[in-house]
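A short worksheet on the structure shown next.
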């Protein structure tokens, strides 16, 4: 770690799980995380499964999106691992993946959207930070994210 980090930051940034939605989101999220110099990064893509209803996108398309997302993260963190989860509950899948990879923290970049979109999506950010069993790092957004 860089000399500017103290031991609590070292522990926090030992293994960061980074949920990403697509290639663009993965690139922006990785770039936002880069200045914090985490020891290890795992990119997570959650394929939303319908459980009795049709999937939002075909599994093959979702798996291709996951691969593109992981590649984008590796452009910033070449040694990053990737993890794909299949679930209906995105936030629950993030927590399960954090357990699976033994992540020290979850780092995400809020994707924004208007209040209606946040309401319809169940505001994943709110659930992520209020139900977490480990630190959740909300990465800063830039003006180009708006």
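The values are calculated or read from the model by the stated rules, or taken from the named source; none is laboratory data. Just so we're clear, the structure is a prediction, and the values are computed from it rather than from any experiment. Cβ sites come from the backbone with ideal geometry, for glycine too, and all protein chains shown count toward neighbours.
Residue 66 meets the conditions (1) part of a helix (DSSP H, G or I); (2) surrounded by 13 or more Cβ atoms within 10 Å (Cβ to Cβ); (3) at pLDDT 95 or above in every case but one. The failed one is (3). Within the range 78-88, the residues that satisfy the criterion of being over 14 Å from residue 46 (Cβ atoms) and over 14 Å from the mean Cα position of the chain (by Cα) are 78, 79. Among the residues of the range 21-35, just one is farther than 22 Å from residue 95 by Cα and either at pLDDT below 95 or not in a helix (DSSP H, G or I) (or both), namely 24.
Summed over the range 89-102, residues that are part of a helix (DSSP H, G or I) and touching a residue at least 40 places away in the same chain (Cβ under 8 Å) total 7. Taken as a whole, the condition of being at pLDDT 85 or above and either assigned to a helix (DSSP H, G or I) or under 14 Å from the mean Cα position of the chain (by Cα) (or both) does not apply to residue 133. Per the listing 47, 73, 18, 106, the residue uniquely touching a strand residue (DSSP E or B) at 6+ places or on another chain (Cβ under 6 Å), at pLDDT below 90 and either within 25 Å of residue 133 (Cα to Cα) or assigned to a strand (DSSP E or B) (or both) is 47. Selection of first residues in the range 77-88 that are under 15 Å from residue 61 (Cα atoms) and of second residues that are assigned to a loop (DSSP other than H, G, I, E, B) and modelled with pLDDT under 90, restricted to Cβ pairs under 7 Å at least 6 apart or on distinct chains, gives the following pairs, ordered by first then second residue: 86/49.
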